[in-house]
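For reference, the structure is listed below as structure tokens.
The values are calculated or read from the model by the stated rules, or taken from the named source; none is laboratory data. Values in this document were obtained by computation on a predicted structure and should not be read as measured data. Reconstructed Cβ throughout: ideal geometry from the backbone, glycine too, with neighbour counts over all protein chains shown. Side chains included, ligands, DNA and RNA excluded: accessible areas come from the protein's heavy atoms. Shrake-Rupley method; radii C 1.70, N 1.55, O 1.52, S 1.80 Å.
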Amino acid sequence: MQIILIGAPGSGKGTQAGHLSRELGVPHISTGDILREAVRQGTELGREAGPIMASGALVPDDLMVGIIGERLRQDDARKGFILDGFPRTVTQAEKLGAMLEGNGNGKLEVLYLSVPDEVIVRRIASRRSCPDCGSIYHLENSPPKVQGVCDQCGAQLVGRPDDSEEAVRARLEAFHRQTMPLVNFYGSRNALHEIDGTRSVEEVFEAVGQSIS
Ligand code: AP5
Ligand code: MG
């Protein structure tokens, strides 16, 4: 199973990828999570990417392609993967195509979670996430059992630094200008499934399951 999730910030990529990964037994590879971990650890990558992410802009393609190339070479990705947040530009999609060429690991399924900007802004304002295990919550739609504490690992939940109003506006702008062209890119090359991401998490998950079965 090789799955790519495309969608605006806050469209539910991380939420759906987490469920899919548990269901299918293939790794959830989130470039956002990889970058946030690098920022947390203060690595060279983190120092370079941190300010760019905080502004809501995209990290340069070369850097991202290198990160994904390395991640996809790890053993657990041989049986398949769920890519969340990569590719995000046509250049990244072309480089990914070249990496996957001839690996014989089955069909690439591309899922586009479609959610209007006004819903995105409401979702992101109430998102909380776990800095340790990456679990995602929403204060109203999917709150943790104990306020402010991760159900999975007990860590204190946090808001993301790039969830400020200004950064969200920049992220949405980057999505429309740089990532939306991927819908046409994949629409003309692979199976692209557009999924209405405004429904409940469970309903979206059901639609995702139907589109890849
Ligand atoms: P990344 O971490 O990928 O952020 P993003 O694309 O902006 O997406 P989000 O993680 O904000 O949202 P999501 O779609 O995962 O939604 P979620 O499931 O959390 O990237 C961050 C930054 O890193 C980028 O801005 C860029 O700088 C850099 N970067 C990363 N990859 C890059 C690349 N390839 N190239 C260049 N730069 C890159 O859900 C959101 C909220 O809604 C949650 O609270 C959730 O509980 C709730 N929710 C989810 N689904 C539903 C539903 N169906 N109904 C109601 N609520 C829901
Ligand atoms: Mg995410």
Review point. Taking the stated definitions as given, is ARG128 on the phi < 0 side of the Ramachandran plot, in a strand (DSSP E or B) and open to solvent by 10 Å² or more (accessible area, probe 1.4 Å)?
Key: yes
**Study point:** Failed criterion for GLU173 (all others in (1) part of a helix (DSSP H, G or I); (2) surrounded by 14 or more Cβ atoms within 10 Å (Cβ to Cβ) hold)
**Key:** (2)
**Study point:** All positions within the range 154-170 that are on the phi < 0 side of the Ramachandran plot and outside any helix (DSSP H, G or I)
**Key:** ALA155, GLN156, LEU157, VAL158, GLY159, ARG160, SER164
**Study point:** Boolean, LEU83 is within 16 Å of ligand 2 (Cβ to nearest atom), surrounded by 22 or more Cβ atoms within 10 Å (Cβ to Cβ) and farther than 21 Å from GLU173 by Cβ
**Key:** yes
Point to revise | Pairs, first touching a residue at least 12 places away in the same chain (Cβ under 8 Å) and within 6 Å of ligand 1 (Cβ to nearest atom) in the range 1-13, second assigned to a loop (DSSP other than H, G, I, E, B) and open to solvent by 10 Å² or more (accessible area, probe 1.4 Å), C-beta under 6 Å, six or more apart | key: SER11/VAL115
Check your understanding: Would you call ILE120 closer than 27 Å to ALA93 by Cα, open to solvent by 40 Å² or more (accessible area, probe 1.4 Å), of a type outside the set (D, E, K, R) and in contact with a Gly (Cβ under 6 Å, 6 or more places away or on another chain)?
Key -> no
Review point. Would you pick out the residues in the range 22-79 that are in contact (Cβ under 8 Å) with a residue 12 or more places away in the chain, within 11 Å of ligand 1 (Cβ to nearest atom), open to solvent by 20 Å² or more (accessible area, probe 1.4 Å) and not in a helix (DSSP H, G or I)?
Key: HIS28, ALA57, LEU58
Review point. Taking LEU96, is it surrounded by 19 or more Cβ atoms within 10 Å (Cβ to Cβ), in contact with a helix residue (DSSP H, G or I) (Cβ under 9 Å, 6 or more places away or on another chain) and not in a loop (DSSP other than H, G, I, E, B)?
Key: yes
Exercise for review: Quick one: which residue in VAL110, VAL115 is more than 12 Å from ligand 1 (Cβ to nearest atom), open to solvent by less than 50 Å² (accessible area, probe 1.4 Å) and at negative phi?
Suggested key: VAL110
